[in-house]
Amino acid sequence: MAAQSTHVIVGASLAGAKAAEALRAEGFDGRIVLIGAEPEPPYERPPLSKELIRGESARESVFVHGAEFYPQHEIELRASTTVETIDPEASEVGLAGGERLGYDRLLLTTGAAPRRLSVLGSDLEGVL
């Protein structure tokens with residue numbers, strides 16, 4: 001792709017960070033914008049939920065890449081940023097605060113959120 005092309009990745013997750021890494025590894029030399037609502041850089045959830053909480057690893061070990069990775073690879077990491085709208089016809093995402101960001105390619109790596117079971121008895125002990 002041409003140097004002026006922009007890839008926007010919505011979801012600064014493990015998948016989003018690895019997608020940005022793969023784009024650079026495969027020779028994409030355009031603009032890459034990795035957007036995530038969380039204030040932290042992309043991190044790996046299993047180590048976060050297990051080793052870190054148990055005190056078996058350092059906080060920095062859960063991040064997908066070190067802090068220097070994103071600027072070294074010219075990846076714009078926009079943490080604490082929420083995408084509110086996607087306009088495929090205009091090839092733009094609308095960010096909280098009103099900013100609009102154009103893209104040539106858009107990748108959604110937002111993951112999922114667990115849903116609570118909403119039936120009688122779902123709050124009983126042992127129901128997970």
- [ ] Scan region 70-113 for residues that are surrounded by 12 or more Cβ atoms within 10 Å (Cβ to Cβ) and of a type in the set (Val, Ile, Thr) and jot them down.
- [x] Ile75, Thr81, Thr82, Val83, Ile86, Val93, Thr109, Thr110
TODO: Would you mind stating whether Val127 is modelled with pLDDT under 90, in contact with a Leu (Cβ under 9 Å, 6 or more places away or on another chain), hydrophobic (A, V, I, L, M, F, W, C) and closer than 16 Å to Leu14 by Cβ?
DONE: no
Open item on the list: For region 54-81, give me each residue that is in a loop (DSSP other than H, G, I, E, B), modelled with pLDDT of 60 or more and on the phi < 0 side of the Ramachandran plot.
Closed with: Arg54, Glu56, Val64, His65, Gly66, Ala67, Glu68, His73, Ala79, Thr81
Task: Residue in region 31-40 that is modelled with the lowest pLDDT, counting only those that are out of contact with any Leu (no Cβ under 6 Å at 6 or more places or on another chain) and more than 11 Å from His73 (Cα to Cα) - done: Glu40
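The values are calculated or read from the model by the stated rules, or taken from the named source; none is laboratory data. In this text, all values refer to a predicted model and were calculated from it rather than measured experimentally. Backbone-built Cβ (ideal geometry, glycine too); neighbour counts: all protein chains shown.
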